[in-house]
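The values are calculated or read from the model by the stated rules, or taken from the named source; none is laboratory data. Quick caveat: nothing in here was measured; it's all calculated off a predicted structure. Ideal geometry is used to build each Cβ from the backbone, glycine not excepted, and the neighbour counts take in all protein chains shown. Just the protein is used for accessible areas: all its heavy atoms, side chains included, with ligands, DNA and RNA removed. Shrake-Rupley method; radii C 1.70, N 1.55, O 1.52, S 1.80 Å.
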Amino acid sequence: EYCDEVILNTRARDCFLMRAGCELELGLDDGFAADIAEFLRRGGSERDTYELCSMQAVRNGDYKKAEAIYEKKLKTRPAKEKPCFYEMAVCMCKQGRYEEAISFLKASIASGGRNPEWLTLLMEIQMVNGHFSDASKTLGEVKKAGKLSRLNDGYMCVSARLAVEAGKMFKARCMAEAVASSEGEQLHAIIYAMDRDYRGAAKILRKLISKEPFDIDNYG
């Protein structure tokens with residue numbers, strides 16, 4: 001309503017972009033498209049529309065369109081602006097292009113961008129796709145970039161999962177045991193069960209159930 005009033009009284013160009021942002025939040029796609037078009041017709045910069053238009057494309061599941069916008073954004077970004085490599089890789093993953101996403105992130109990181117967000121995403125994609133040796137190396141890079149420390153629960157959980165996939169069950173147990181959270185205890189129980197130590201798994205699960213009985217459905 002505020003945008004409508006300002007536009008009615010001033011016809012200010014930037015208010016059309018502001019209203020488009022409101023329409024995006026409300027899911028009003030027709031109004032959104034009309035206001036973006038009007039903003040551009042009045043001489044607004046296409047670059048100023050990239051963020052909103054990419055958000056709309058992602059929300060609507062049009063990842064090809066979102067990726068095309070991110071590519072434009074990369075080509076025209078100011079030198080000090082953080083490149084949208086993470087967003088590009090996510091779009092590739094959403095389209096099932098995992099190997100492309102891995103190559104893209106590796107190239108981005110090799111260019112001098114040891115961004116923890118990019119490294120973490122790369123590690124997750126490698127894990128999901130069974131590249132456990134590569135994921136283990138990337139985990140080390142995540143730690144070096146300052147995202148995790150060796151005493152961090154996240155580091156321990158990922159290390160434990162990687163150890164399981166590599167068949168190093170004793171190492172996996174040690175890592176999971178070091179995680180001071182219910183997530184670590186659940187992971188510890190799973191590792192015991194995978195290693196056929198059902199008595200040990202049951203002991204941990206009984207402890208979890210006694211502490212958090214309302215989460216019992218999560219311990220199946």
Requested in this report: Return a yes/no flag: does the stretch 31-48 have any residue that is of a type outside the set (A, V, I, L, M), at positive phi and out of contact with any Pro (no Cβ under 8 Å at 6 or more places or on another chain).
Outcome: yes
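Per-residue answers, yes or no, for (1) assigned to a helix (DSSP H, G or I); (2) touching a residue at least 12 places away in the same chain (Cβ under 8 Å):
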{"position": "Arg19", "(1), (2)": "yes, yes"}
{"position": "Glu25", "(1), (2)": "yes, no"}
{"position": "Ile36", "(1), (2)": "yes, yes"}
{"position": "Gly43", "(1), (2)": "no, yes"}
{"position": "Val58", "(1), (2)": "yes, yes"}
{"position": "Pro78", "(1), (2)": "no, no"}
{"position": "Met88", "(1), (2)": "yes, yes"}
Requested in this report: Residue by residue through the stretch 38-63, note down the ones that are among the charged types (D, E, K, R) and open to solvent by 50 Å² or more (accessible area, probe 1.4 Å).
Outcome: Arg41, Arg42, Glu46, Arg47, Asp48, Glu51, Arg59, Asp62
Requested in this report: From the list Cys84, Cys93, pick out the single residue that is touching a residue at least 12 places away in the same chain (Cβ under 8 Å) and within 30 Å of Ala166 (Cα to Cα).
Outcome: Cys93
Requested in this report: With the checklist (1) in contact with a helix residue (DSSP H, G or I) (Cβ under 9 Å, 6 or more places away or on another chain); (2) within 12 Å of Gln56 (Cα to Cα); (3) open to solvent by 80 Å² or more (accessible area, probe 1.4 Å); (4) not polar (S, T, N, Q) in hand, flag the one item Asp29 doesn't pass.
Outcome: (3)
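Would you check if Ala66 is in contact with a helix residue (DSSP H, G or I) (Cβ under 9 Å, 6 or more places away or on another chain) and exposed (fewer than 15 other Cβ atoms within 10 Å of the Cβ)?
no
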Query - Any pair with Cβ under 8 angstrom, 6 or more apart, that starts in the stretch 185-199 at a residue that is outside any helix (DSSP H, G or I) and ends at one that is surrounded by fewer than 19 Cβ atoms within 10 Å (Cβ to Cβ) and not basic (Lys, Arg) - result: Asp195/Met169
Report task. Could you tell me which residue of the stretch 103-134 is surrounded by the fewest Cβ atoms within 10 Å (Cβ to Cβ), considering only residues that are within 17 Å of Glu165 (Cβ to Cβ), modelled with pLDDT of 85 or more and of a type in the set (A, V, I, L, M, F, W, C)? Result -> Ile125
